[in-house]
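Undergrad: I am attaching a structure below and will ask some questions about it afterwards.
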Amino acid sequence: MEQLARQSIEDKKMVFISVDIEVYELNHNCVTEIGVAVLDLRKGNTKDVKPVGRHLRVKEYMHLKNGKFVEDASEKFEFGTSEILTLKQSAEEVKKIFEEYKDRAIFVGHDGANDVRYLRQLGVELPEELPMVDTLTLWKINHGEDEQSTLGRLLMEYDIRSWNLHNAGNDAYYTVQVLMAMCVSEAGKE
């Protein structure tokens with residue numbers, strides 16, 4: 001997994017697509033936000049290329065607010081303007097992104113199996129052969145730990161400034177940044 005990520009960064013031929021899903025904390029069947037960040041390495045030097053982030057707020061569930069167990073940051077997207085779409089429209093937008101990049105795409109997640117599961121529930125079927133990189137798994141491998149680690153912890157560890165976590169758009173964006181930092185950091189240790 002790490003080798004795939006590092007090789008893709010070096011080759012500059014792939015596109016990292018990070019997806020983060022936020023759900024209502026009292027009913028996980030209610031997807032409230034979908035964040036997507038696309039890092040197209042074909043567009044220049046990896047140090048200069050920034051992810052393009054999107055934040056899709058699900059119209060049907062905008063009235064549901066987290067805050068009891070996790071912070072509600074649904075109105076605090078840091079990398080553009082939030083888009084308000086129906087659940088169906090949101091799923092279609094995510095499908096379009098993966099279709100646009102087809103065999104050049106690599107799915108990036110932080111504990112991404114959950115996000116993939118939610119995408120499938122929304123009718124977004126990712127290709128079977130889609131390569132996947134998970135920042136949580138990479139962190140566990142590189143640190144020899146089997147414990148969970150939050151995205152926030154990884155951001156601090158790699159000295160990446162962050163604001164308003166638990167906003168799906170922000171989390172997707174930061175996940176791509178963590179992946180890049182991990183690959184650069186781990187390559188420097190060799």
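The values are calculated or read from the model by the stated rules, or taken from the named source; none is laboratory data. Just so we're clear, the structure is a prediction, and the values are computed from it rather than from any experiment. Virtual Cβ from ideal backbone geometry, glycine too; neighbours counted across all protein chains shown.
Undergrad: Pairs, please: C-beta under 6 Å, at least 6 apart or cross-chain, first residue within 21 Å of Ala91 (Cα to Cα) and of a type outside the set (A, V, I, L, M, F, W, C) and in segment 36-59, second modelled with pLDDT of 95 or more and in a helix (DSSP H, G or I)?
TA: The qualifying pairs are Pro51/Tyr173; Pro51/Val176; Gly53/Gly169; Gly53/Tyr173; His55/Gly169.
Undergrad: Just the residues that are of a type in the set (Phe, Trp, Tyr) and out of contact with any Phe, Trp or Tyr (no Cβ under 7 Å at 6 or more places or on another chain), please, taken from segment 144-182.
TA: Tyr158, Trp163, Tyr174
Undergrad: Scanning for something free of Cβ contacts under 8 Å to residues at least 24 places away in the same chain, among the hydrophobic types (A, V, I, L, M, F, W, C) and either buried (at least 16 other Cβ atoms within 10 Å of the Cβ) or touching a helix residue (DSSP H, G or I) at 6+ places or on another chain (Cβ under 7 Å) (or both), does segment 141-163 turn up at least one residue?
TA: Among the residues of segment 141-163, at least one is free of Cβ contacts under 8 Å to residues at least 24 places away in the same chain, among the hydrophobic types (A, V, I, L, M, F, W, C) and either buried (at least 16 other Cβ atoms within 10 Å of the Cβ) or touching a helix residue (DSSP H, G or I) at 6+ places or on another chain (Cβ under 7 Å) (or both), which makes the answer yes.
Undergrad: For Lys12, only one of the following conditions fails: (1) closer than 24 Å to Asn142 by Cβ; (2) loosely packed, with under 15 Cβ neighbours inside 10 Å; (3) at pLDDT 95 or above. What is its number?
TA: So the condition that Lys12 fails would be (3).
Undergrad: Something else: So which residues in segment 31-66 are in a helix (DSSP H, G or I) and either at pLDDT below 95 or crowded, with 21+ Cβ neighbours inside 10 Å (or both), if there are any at all?
TA: Leu41, Arg42, Lys43 - these are the residues of segment 31-66 that are in a helix (DSSP H, G or I) and either at pLDDT below 95 or crowded, with 21+ Cβ neighbours inside 10 Å (or both).
Undergrad: What number of residues in segment 67-92 are out of contact with any helix residue (DSSP H, G or I) (no Cβ under 9 Å at 6 or more places or on another chain) and either buried (at least 16 other Cβ atoms within 10 Å of the Cβ) or polar (S, T, N, Q) (or both)?
TA: Of the residues in segment 67-92, 2 are out of contact with any helix residue (DSSP H, G or I) (no Cβ under 9 Å at 6 or more places or on another chain) and either buried (at least 16 other Cβ atoms within 10 Å of the Cβ) or polar (S, T, N, Q) (or both).
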